[in-house]
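A.B. asks: One structure is given below, represented as C-alpha cells, and several questions about it will come after.
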Amino acid sequence: MTALDDVYQDQLLAYAGEIARNTRLADADTSAKVVSRSCGSEVTVDLTLRDGVITDYGQEVEACALGSASASIFGHVIIGKTVDEVRRVRDQMRAMLKKGGPPPEGDWSEFRLLEPARAFGNRHQSILLPFNATIRAAEKLAGSA
C-alpha cells in the first residue's frame, strides 16, 4: 500500500461523502468562514452557544476529501463541546499532523483516520478548517459582547 492508499481509506471516504451537519443555521449566534491557502478548501460554520457550550452547529463545506472528512467527523461530535475543548483538540490535531503526536481520544477518536495525512503537509490546513472556523466564530461572538 502507498501513502495515498493509507490516507484515502474507505471509512475516511465515507465520512467525506456524507458530511454531518452540512447545512447552515438560520438562527446562529455567530458564523465564520475559513479558507485553506494551500488548496482552496473552505468551511463556513454557524454556532449557537449557551454558557460557553456549543448547542447547535451547522456548516457549509467546499473542501477536498480530507477537509470534508474532517468536517464530517467534527460535525458528528461538536454538540455539547466547549470552545476551549475545540482549541485543545485542534492543538492535538496539529501536533498529530506536524509532529507525529498521538491522535485525539474519547469522542474525538475518529480523527485517528486522518493520521496518515501527516505525509501531506499541503492538506493539513484543510483538515483543521472546521476547528479554525469554529474558534473564529466563537471569538467573533466574544468580541461583540
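A.B. asks: What lysines could a cross-link reach from K81, if we take a straight Cα to Cα line under 17 Å and drop same-chain neighbours fewer than 8 places away?
C.D. replies: none
A.B. asks: Please report the projected area of the stretch 49-102's Cα convex hull averaged over all directions, in nm².
C.D. replies: That works out to 4.1 nm².
A.B. asks: Would you mind working out the magnitude of the charge dipole of the chain relative to its Cα centre, with +1 at each Lys and Arg C-beta and -1 at each Asp and Glu C-beta, to the nearest 20 Debye? Write down the numbers at each step before the final one.
C.D. replies: On the way: 17 positive and 20 negative charges, 117 e Å.
In total the dipole reaches around 560 debye.
A.B. asks: Sorted by packing (mean other beta-carbon atoms within 10 Å per residue), highest first, where do 81-94, 128-141 land?
C.D. replies: 128-141, 81-94
A.B. asks: log10 I(q)/I(0), Debye, Cα-only the stretch 3-144, no solvent, q = 0.13, 0.19 Å⁻¹?
C.D. replies: -0.49, -1.07
A.B. asks: Another question, then. Could you check which residue among D56, D46, D107 shows the biggest mean-square fluctuation in a GNM of the chain with a 10 Å Cα cutoff?
C.D. replies: Of D56, D46, D107, the most mobile in the Gaussian network model is D107.
A.B. asks: If the cut-off is 16 Å between C-alpha atoms, which aspartates and glutamates fall inside it for K98, apart from same-chain ones fewer than 8 positions away?
C.D. replies: Those aspartates and glutamates meeting the cut-off are E115.
A.B. asks: A26 versus A142, label points 7 Å from Cα toward the beta carbon: distance in nm?
C.D. replies: Those two pseudo-labels are separated by 3.1 nm.
A.B. asks: In debye, nearest 20, what is the charge dipole magnitude of the stretch 64-145 about its Cα centre with +1 on Lys and Arg Cβ and -1 on Asp and Glu Cβ, if you could check?
C.D. replies: Values: 12 positive and 8 negative charges, 66 e Å.
So the magnitude is around 320 debye.
A.B. asks: First measure r as the distance between the Cβ atoms of T82 and S38, then evaluate 1/(1 + (r/R0)^6) with R0 = 41 Å and state the FRET efficiency to the nearest 0.05. Display every interim value, and only then the final one.
C.D. replies: Working: r = 29 Å, r/R0 = 0.70.
Step by step, r from the Cβ atoms, then E = 0.90.
A.B. asks: Going through the DSSP H helices of the chain, which span 20 Å or more along their own axis at the Cα atoms while scoring at least -1.0 as a mean Kyte-Doolittle hydropathy?
C.D. replies: Span-like helices in the chain: 124-144.
A.B. asks: Follow-up question, since we're still on this one. Which net charge results for the neighbourhood of I135, defined as the other residues with beta-carbon distances under 9 angstrom from its beta-carbon, given Lys and Arg at +1 and Asp and Glu at -1? Each step should come with its number before you reach the end.
C.D. replies: On the way: positive: R87, R90, R136; negative: E139.
Residues near I135 contribute +2 overall.
A.B. asks: OK, next. To the nearest 20 debye, what is the magnitude of the charge dipole of the stretch 31-97 about its Cα centre, counting +1 on the Cβ of each Lys and Arg and -1 on the Cβ of each Asp and Glu? Intermediate results must be reported in sequence, preceding the final value.
C.D. replies: Details: 8 positive and 9 negative charges, 53 e Å.
The dipole of the stretch 31-97 has a size of about 260 debye.
Any read-out appearing in this document is the output of simple, stated calculations on the displayed coordinates, not a laboratory observation. All figures in this text were calculated on a predicted structure; none of them were measured in a lab. Cβ atoms come from the backbone with ideal geometry, glycine included; neighbour counts cover every protein chain shown.
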